[in-house]
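Novice: My questions all concern the structure below.
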Amino acid sequence: MIPLSEPSIGELESRYVQEALSSGWVSSSGEFVTEFEARIADALGAKFAVATSSGTAALHLALLASGVASGDEVLVPTLTFIAPANAVRYTGAHPVFIDADPSTWQMDVDRVTEFLEEHCERGNESTFNKKSGRRVVALLPVDVLGHPVDMDPLHSLAERFHLKIVEDATESLGATYRGRPVGNLGDVGCLSFNGNKLITTGGGGMIVTDDKRIADRSRHLSTQARVHLTEYIHDSVGYNYRMSNLAAALGCAQIERMSDFVSRKKSHAWLYEKAFEKLPQVSLMPRAEWADPVYWLYTIGLETHDPMAVQEELAAVGIHARPLWQPMHLSPAHADATHQGGEVAQRIYGRALSLPSSVDLSDGEIARVVNYVSKAVTA
Ligand SMILES: *Cc1c(COP(=O)(O)O)cnc(C)c1O
C-alpha cells in the first residue's frame, strides 16, 4: 500500500513524547508548548505564535481576533479544503467565494479586484457590499497544495479597501513567496499540524502574527477567556482551543526535522515532473516564477481521463491518490454563499488528481506510482 500523505515518526519523536509523559505535564500547558511556539515563530520570522488544538481552531480565532463579526463578509477561494469557509461561518460571517487563477490554482487576484471594485463601496474606514449591505472585512487567501498565493497585490487591495488578511498557510508551511517564508505574510497566519500536513502534532494548529493585540486576543479566547489566574472569572465567551503539551512534544521533534521534510517533498515533485513531462495526457502542477512551493501534495492534471476513474484503478493496486475538493461555491454546506466566478476552479477540480507525497516515500514507490498512472492514461 502506498498512502497519500503519511507522517514520518522516528526516534526523536518518541524521545520528546516520553519526556513529556515523564514530566507529568501532558495537558494544556507545559514547556513543550512554549518551546514549540517559539520555534515556529522563529522559523517564520514572526513576533508571536499561539498554539491551538487544530488548524481550523486557529482560523476561527484568527478571524475573531482580526475583528470579523457576525454579519460581515470574508473573501475565501472557492478552490480549497472546506475548513477556512467553515471557520468564517463559526464567527457568524459570510464567505464570498473567489475563483481560482488558472496559472497558479490559487485565489485569483483579478477576481478579488473585480469583486471589490464592482460590487463594493469604499468608505473612509470600511467597505460595504452594495448588494448585501454587509461590511466586507477580511481576505482569507489559502496557499492551496503548498503553492503560495500572490500576496503583494492582495496587500495593496487590503490597504485600499480597509481589509485584514488572514493567511491560511496550513498546506504551505516550508514554502516561500518572493524569498519570504509563508505563514507570516498577512496580518495573521494559520498553520495546521494534522497528520497529513508537512509536520504533525497528531492534531493541532498555530496562529502566527507580528500584531501583539491579535496574539493576545487569540490566546485569551483559546483559554475560555479567563481573566484571573486562580479564580474562575471570564470576560467573554471563550473556547477550549489549546494544544496539549504531549502534542507539542511531537511538534518540537518534527520541527527539528522540517528542513529535511521540505527537501524530500521537493525531490518527490521533481521526480514526478521528470516522469510526466513526456506524457501529453498529464499536465504538471503549475508554479509561478515568484514562488518556491513546498509541494505538500503533488497534484497532476489529467487531460484525457476522469480523475475518479484513475483513482479507482490506482486504489486497486494499492496506490492511494485523491481528487481535489469540491469547489466551495458548489458545496451543499455553503449553498447560500455568493461567489465571484468559479468556472476555473470547477475545471481544475474536474481534472486534478493528488498523488502519494509522504515524506518517507521512496524513489521506487514513486516509480511505481508513475508506472500505474501512465498505464491508466494511455489505456
Ligand atoms: C488541513 C487544513 C486546514 C485545517 O486543518 P485541521 O485539520 O483543522 O488542523 C485548514 N485549511 C486548509 C486549507 C487545510 O488543508
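Novice: Place +1 on the Cβ of every Lys and Arg and -1 on the Cβ of every Asp and Glu in the stretch 232-373, take the dipole about the Cα centre, and give the residue among Ser358, Gln326, Pro307 whose Cα lies farthest towards its positive end.
Specialist: Ser358
Novice: Multiply the residue separation of Arg368 and Ala315 by 0.36 nm, subtract the distance between their alpha-carbon atoms, and state the gained length in nm to one decimal.
Specialist: 17.8 nm
Novice: Which of the chymotrypsin sites (Phe, Trp or Tyr not before Pro) found in the stretch 225-333 are in a DSSP loop and have at most 12 neighbouring Cβ atoms, other than their own, within 10 Å?
Specialist: Tyr232
Novice: If I take every Cα pair under 8 Å that is 6 or more residues apart in the chain, average their sequence separation and divide by the length, what percent do I get for the relative contact order?
Specialist: Worked out over the chain, it gives 24 percent.
Novice: Still on this structure: How many angstrom lie between the Cα centre of the stretch 182-198 and the Cα centre of the stretch 88-137?
Specialist: 22 Å
Novice: Then there's this: How about the stretch 99-134: which GluC sites (Glu not before Pro) there are in a DSSP loop, with at most 10 other Cβ atoms within 10 Å of their Cβ?
Specialist: Listed in order of number, the matching sites are Glu125.
Novice: Continuing with this model, one more query. Of the residues Glu231, Glu73, Glu303, which exhibits the maximal mean-square fluctuation in a Gaussian network model of the chain defined by a 10 Å Cα contact cut-off?
Specialist: Glu231
Novice: Ok, one more. With unit charges on the beta carbon (Lys/Arg positive, Asp/Glu negative), name the residue among Ser267, Gly30, Met107 whose Cα is farthest towards the positive pole of the charge dipole of the chain.
Specialist: Gly30
Novice: Would the chain count as rounded, prolate or oblate if I go by the C-alpha gyration tensor, calling it rounded below 1.5 in a/c and otherwise prolate when a/b exceeds b/c, oblate otherwise?
Specialist: Judged from the Cα gyration tensor, the chain comes out oblate (a/c at least 1.5, b/c at or above a/b).
Novice: Using alpha-carbon pairs under 8 Å, 6+ residues apart, how would you state the relative contact order of the stretch 1-158 in percent?
Specialist: 18 percent
Novice: On to the next question. Suppose R0 equals 25 Å. What FRET efficiency, 1/(1 + (r/R0)^6) with r the Cβ-Cβ distance, do Glu289 and Arg122 give to the nearest 0.05?
Specialist: 0.20
Novice: Let me ask you something else. Say each of Glu19 and Ala333 gets a label point 7 Å from the Cα, pointing the same way as Cα to Cβ; how far apart are those two points in nm?
Specialist: It works out to 3.6 nm between the two label points.
Novice: Also, quick follow-up: Distance check, please: which entries in Lys265/Lys375; Lys164/Lys266; Lys278/Lys375; Lys47/Lys265; Lys164/Lys265; Lys197/Lys375 exceed 20 angstrom between their Cα atoms?
Specialist: Those over the limit are Lys265/Lys375; Lys164/Lys266; Lys47/Lys265; Lys164/Lys265; Lys197/Lys375.
Novice: In addition: Antiparallel DSSP bridges in the chain: what percent, to the nearest 5?
Specialist: If we restrict to bridges inside the chain, about 60 percent are antiparallel.
Novice: Separation between the Arg213 and Ser263 pseudo-spin-labels, each 7 Å from Cα along Cα→Cβ, expressed in nm?
Specialist: The answer from the label model is 4.3 nm.
Novice: Let me ask something else about it. Among the DSSP beta bridges whose two residues both lie in the stretch 48-131, what percent are antiparallel, rounded to the nearest 5?
Specialist: Percentage antiparallel, nearest 5: 45.
Novice: How much mean residue ellipticity at 222 nm does the chain get from its helices, if each DSSP H run of length 4 or more adds -39500 (n - 2.57) and you divide by all residues, to the nearest 500 deg cm²/dmol?
Specialist: Result for the chain: -11500 deg cm²/dmol, rounded to the nearest 500.
Novice: Could you work out the relative contact order of the stretch 231-379, using alpha carbon pairs under 8 angstrom and six or more residues apart, expressed as a whole percent?
Specialist: Contact order relative to length: 27 percent.
Rule-based calculations on the coordinates, nothing more; no lab input. All values derive from a computational prediction rather than experimental measurement. So basically every Cβ, Gly included, is an ideal-geometry build from the backbone, and we count neighbours across all protein chains shown.
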